[in-house]
Each structure stands twice: as structure tokens, then as C-alpha cells.
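What follows is a short report on a single structure.
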Amino acid sequence: MNKHLMSNYAPLPLTFDRGDGAWLWDTHGKRYLDSVSGIAVCGLGHAHPAVTAAIRDQAGKLLHTSNLYGIAAQEALAERLCSASEMDSAFFCNSGAEANEAAIKIARLYGHGRGIASPTIIVMENSFHGRTMATLTATGNRKVQAGFEPLLGGFTRAPYNEVNALETIAANNRDVVAILLEPAQGEGGVRIPDAGYLAEVRGICDANGWLMMLDEVQTGMGRTGKWFGWQHEDARPDVMALAKALGNGVPVGACVARDQAARVFGPGSHGSTFGGNPLACRAALAVIDVIEGEALCERAAKLGNRFMDGLTERLGSLPGVVNVRGKGLMLGVELESDCAALVRQAIDAGLLINVTSGNVIRLLPPLIISDEQADLIIDGVSTLVERFVELPVAERA
Ligand code: PLP
């Protein structure tokens, strides 16, 4: 570990030099099949020619001028995102945490506009929303919060995927103005809510005048088989946070809103120096073109079924495996015991996987992978898990 880097990460002893599609090469020339996509960022894989061309072209013309002036690519990107999501307007930033910060600020302004002095946002257990003070407060994981107290006020927590709990809060808390949740929880362990849950949350928000705010930072941009996770059940939110795959690796985030929520910010209420600069927006426009042009949402849904079928067949009834679950190309294999050790074993086998929540193998392959590559991942992961669960628990570390 480089002594000039702060110790907030614990990187694996592996450095990549280049990538092409779903393949990555390390600095020694060894090739890996990528089933992480930079944690759901490189949906189009690595070095996608359309994104590369857009970045090259824009870099040769203009990188940055500031939001003091009009930015044509930003306007075009806002229009494309609003049309894909049936929303009204967008604010651009540089990360998922910032997109959620914007959502939280919208909720607070919205609440004050309704005469609520201490506007409160319902957030979920096991959620992840980022590492800034507001978003780590919203995050439902004590490990993320520990040591950073005092946390912010104005949040109340509810169990994910439980509608009754929201109704109880509605009956007892007059300060609630919004709910912030993920359409499927990623960092929290690839938790897919029951069908109909998001639509029910939408109904509760409507009944109580709450904003429904979806953190689509991980689920958005085709990952789950639709542009956005809520589109599986027509639960259009008031506010939606995007980042990760929006720029395929170029940092860009967006907070997209509609109706009342789209009107709460006025000049001076929020901003970002870099947010929505020409380079980031050109990259994101190229990403949208490719997702649309290559029908990658449909492709992600189809590939998701292939993964679910393949992994379920090999691992579904294996002792030591709790279950296989997923939505599109956001997939999880939950084991009975912690399995972080599998990440290094996969690396040895030339495969990149992720483990979250201690015992959930998370697969987030690029949307552009071929059937053959998908089968290689299914086979690679299954072989690793089959070997792993045969070992006594004490020997699995
Ligand atoms: N929201 C969700 C659902 C995420 O998965 C993440 C990152 O993993 C974030 C927010 C934070 O995004 P960023 O790291 O870009 O701030």
C-alpha cells in the first residue's frame, strides 16, 4: 500500500493496465473476465469505442466553462434522461452521494414549503446511499456511520420491503416529507423487494403527500433490465438519483425530478463547480445512445435470466448456499457463511467478482457481455462455490 495514500481503502494486490469490453489486463499481462464492472459503473464494458470517441472529441474542444454559462451537452443530457424516465428536470453532479444529497435537499425544501419545521425523510435498514455526512446518515449500516457522530437529524428508519412499517410511521409522524430507498438494495446484499412493493410505496407517498425518492445509483441505466429499477412495476418516483453507469467511468451524477419536486430549487439553492460539465455530459450522452441503439436494457434482462437459470441449476440446491437471486444483471448468491475469501480465489482463476454483506457474492457484469462470456462467469463462479462449500467452515477463510 502506498504510504502517500490515506488508508480508507484496502485494495487487493492487483492493478489493471487496460480493458476491452468485459476483459481486463493487469500490469503483468494476465487477463480477467470482469463481473464487477467497477461496481456497476462500466455497464458498456471497458474502452467502449463510442464513449472513447465522445470523450476524445469533447476533450479537443472544451472541457469546462462553469454553470455560470449555458452548456449545450448538459441541456441535451437532461432532455434525454427526462424522456427515458418521464421526469421533468435534472441537476447534475459528480457522484452518487451528491445525487442523493441533492434529493435530500429537495425533500427538506419541499417540507419547509409545506410549513414543516423539521422535515423528516424515511430511510431503510440495510440501505447504502453514500459517504457524505447526509448520505451516511441515510445509510442503514452502522459500520458506515461509526465514528462520524454526530449524525444529521431529520431521518427515521424503516425495514425494507415492509409496507406496514411505513403505514405505522404515516400514522404517527407528521414531520415526514419523503421516503428515500433503493429499488433493489445493492451494497446491502442484493436484496430484491417483493413484486408490488415499490408500487405500494408509491401509493403510500401519494396518500400522505410524501415525495418518493429512489436511489437508482446502482440499479439505473439498464442494470436491472429496464432503464430504471422502478419501471418493472410502474412506480414512477418524484425524485431519482443516478450516477455510476451514467458516465461509464467518467464521473457524473444526476438528480432527476418531476412535478412539485422539480420546482423546489431556485437560483442559488444548490450547485456544483464540475457538475454537468461538457466532458461528463458528452460521455453520458454516448452511454445513452449505446444503451438505446444496442437495446441493452432488453439484453440485460435476457442475460439476467441466463445467469439466474445457470447459477440456480449449479448452486440452487447445494448445501451451504442460501439462495440465488437477482434482477437483470444485478445478481447475488448468498452463502451460509462469510465468503470474502472467494474474491482472491476468483482472481487466481482470472475472474473478478465482489462479495458484499460478508456472505453474498455479487455479480454486476457489463451489459455488453456475450452469451459465451456469461457462461464462463456462471461456470467460474459455480466451480468456486462448489469447492468452497465442501470445505469445513473453519477452513473457508
Ligand atoms: N447509492 C447507491 C445505491 C450506491 O450503490 C452507491 C455506491 O455504491 C452510492 C449511492 C454512492 O455513490 P458514490 O460512491 O458515487 O458517491
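The values are calculated or read from the model by the stated rules, or taken from the named source; none is laboratory data. Computed from a prediction, not measured in an experiment: that's the story for all the values here. Positions of Cβ are backbone-derived with ideal geometry, glycine not excepted, and every protein chain shown enters the neighbour counts. Note: areas computed on protein heavy atoms with side chains; ligands, DNA, RNA excluded. Shrake-Rupley method; radii C 1.70, N 1.55, O 1.52, S 1.80 Å.
Which residues, counting only those in region 196-227, are basic (Lys, Arg) and part of a helix (DSSP H, G or I)?
Listed by number, the list holds a single entry, ARG202.
Pull out all pairs, ordered by first then second residue, where Cβ-Cβ is under 7 Å, the residues are six or more apart or on different chains, the first lies in region 40-56 and is within 9 Å of GLY249 (Cβ to Cβ), and the second is surrounded by fewer than 15 Cβ atoms within 10 Å (Cβ to Cβ).
HIS46/ASP20
Being within 14 Å of the ligand (Cβ to nearest atom) and aliphatic (A, V, I, L, M), is that true of even one residue in region 218-233?
Within region 218-233 (the criterion being within 14 Å of the ligand (Cβ to nearest atom) and aliphatic (A, V, I, L, M)), the answer is yes, since at least one residue qualifies.
Let's see how each residue does on (1) within 16 Å of the ligand (Cβ to nearest atom); (2) touching a helix residue (DSSP H, G or I) at 6+ places or on another chain (Cβ under 6 Å); (3) not aromatic (Phe, Trp, Tyr):
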| residue | (1), (2), (3) |
| --- | --- |
| LEU44 | no, yes, yes |
| ALA47 | no, no, yes |
| GLY70 | no, no, yes |
| PHE91 | yes, yes, no |
| PRO119 | no, yes, yes |
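I want to confirm something. Restricting to region 53-73 and keeping residues that are of a type outside the set (A, V, I, L, M, F, W, C) and closer than 19 Å to ASP289 by Cα, which single residue is least open to solvent (accessible area, probe 1.4 Å)?
We begin by selecting, within region 53-73, every residue of a type outside the set (A, V, I, L, M, F, W, C); these are 56-58, 60-61, 64-67, 69-70.
When the remaining residues are screened for being closer than 19 Å to ASP289 by Cα, the result is 56-58.
Working: ARG56: 176, ASP57: 67, GLN58: 18 Å².
This residue is GLN58.
Taking the condition of being free of Cβ contacts under 8 Å to residues at least 24 places away in the same chain and either open to solvent by 40 Å² or more (accessible area, probe 1.4 Å) or in a loop (DSSP other than H, G, I, E, B) (or both), how many residues in region 341-369 meet it?
2
So is THR168 away from the ligand (no atom under 16 Å from the Cβ), among the β-branched types (Val, Ile, Thr), open to solvent by 20 Å² or more (accessible area, probe 1.4 Å) and touching a strand residue (DSSP E or B) at 6+ places or on another chain (Cβ under 6 Å) or not?
no
Condition first: among the β-branched types (Val, Ile, Thr) and farther than 17 Å from GLU187 by Cα. Now tell me which residues in region 21-45 satisfy that.
Residue satisfying the conditions is THR27 alone.
For region 94-116: of the residues being surrounded by 23 or more Cβ atoms within 10 Å (Cβ to Cβ) and more than 10 Å from the ligand (Cβ to nearest atom), which is farthest from ALA243 (Cα to Cα)?
GLY111
From ALA262, ALA243, which residue is open to solvent by 10 Å² or more (accessible area, probe 1.4 Å) and of a type outside the set (D, E, K, R)?
ALA262
Mind listing whichever residues of region 139-157 are within 11 Å of the ligand (Cβ to nearest atom) and open to solvent by 60 Å² or more (accessible area, probe 1.4 Å)?
Result: no residue meets the conditions.
Name every residue in region 121-138 that is open to solvent by 10 Å² or more (accessible area, probe 1.4 Å) and within 12 Å of the ligand (Cβ to nearest atom), in order of residue number.
Listed by number, the residues that qualify are ASN126, PHE128, ARG131, THR132.
Only one of ASP206, ASP194, ASP215, ASP175 is in contact (Cβ under 8 Å) with a residue 60 or more places away in the chain and surrounded by fewer than 17 Cβ atoms within 10 Å (Cβ to Cβ); which?
After ruling out the rest, the residue left standing is ASP175.
Among the residues that make up region 188-211, is at least one of them in contact with a Leu (Cβ under 6 Å, 6 or more places away or on another chain), under 28 Å from GLY247 (Cα atoms) and within 16 Å of the ligand (Cβ to nearest atom)?
Within region 188-211, none of the residues are in contact with a Leu (Cβ under 6 Å, 6 or more places away or on another chain), under 28 Å from GLY247 (Cα atoms) and within 16 Å of the ligand (Cβ to nearest atom).
Somewhere in region 293-301, is a residue under 19 Å from LEU384 (Cα atoms), open to solvent by 40 Å² or more (accessible area, probe 1.4 Å) and not hydrophobic (A, V, I, L, M, F, W, C)?
no
When you scan region 32-42, do you find a residue that is at pLDDT 95 or above and open to solvent by 70 Å² or more (accessible area, probe 1.4 Å), even just one?
The answer is no, given that none of the residues of region 32-42 is at pLDDT 95 or above and open to solvent by 70 Å² or more (accessible area, probe 1.4 Å).
If you go through region 6-27, how many residues are touching a helix residue (DSSP H, G or I) at 6+ places or on another chain (Cβ under 9 Å) and closer than 16 Å to ASN248 by Cβ?
3
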